[in-house]
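Structure, as C-alpha cells:
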Amino acid sequence: LRAAFASALAAYRGCDWDRAESGFAECLTLVPEDGPARTLLERVASFRRFSPGDGWDGIWQSAIK
C-alpha cells in the first residue's frame, strides 16, 4: 500500500491525473477502507472537471468548512 500510495501521490502532485487515479484506485483495491486514497481519488475527479491551472503548488483549498 505504501509504495502504491507514494507513486499515486507523486503523480497527483505532478498533475498526472490518469496515473494518480489508477494509483489511488489500486490503493483501494489493496485496502478498500483507505481514507486518504479515497479522498485524493475524489480530488482527482474534481481536478479533471476544474483544472488547478499552471503553477499549482499541490495545496487543496476546501470550499466548505
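The values are calculated or read from the model by the stated rules, or taken from the named source; none is laboratory data. None of the values given here were measured: they were computed from a predicted structure. For neighbour counting, all protein chains shown are included, and Cβ atoms are generated from backbone atoms with ideal geometry for every residue, glycine included. Remember, those area values only see protein heavy atoms, side chains included, never the ligands or the DNA or RNA. Shrake-Rupley method; radii C 1.70, N 1.55, O 1.52, S 1.80 Å.
Here are the numbers for this structure:
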| quantity | calculated |
| --- | --- |
| Cβ-Cβ under 9 Å pairs, at least 6 apart or on other chains, region 26-52 side closer than 20 Å to residue 15 by Cα, far side open to solvent by less than 100 Å² (accessible area, probe 1.4 Å) and hydroxyl-bearing (Ser, Thr, Tyr) | 26/7; 40/12; 43/12; 44/12; 47/12 |
| Tally of residues being closer than 10 Å to residue 5 by Cα and of a type in the set (D, E, K, R) across region 24-33 | 1 |
| Enumeration of residues in region 1-16 that are open to solvent by less than 40 Å² (accessible area, probe 1.4 Å) and of a type in the set (A, V, I, L, M, F, W, C) | 4, 8, 9, 11 |
| Verdict on residue 39 being open to solvent by 80 Å² or more (accessible area, probe 1.4 Å) and either of a type in the set (Asp, Glu) or out of contact with any strand residue (DSSP E or B) (no Cβ under 6 Å at 6 or more places or on another chain) (or both) | no |
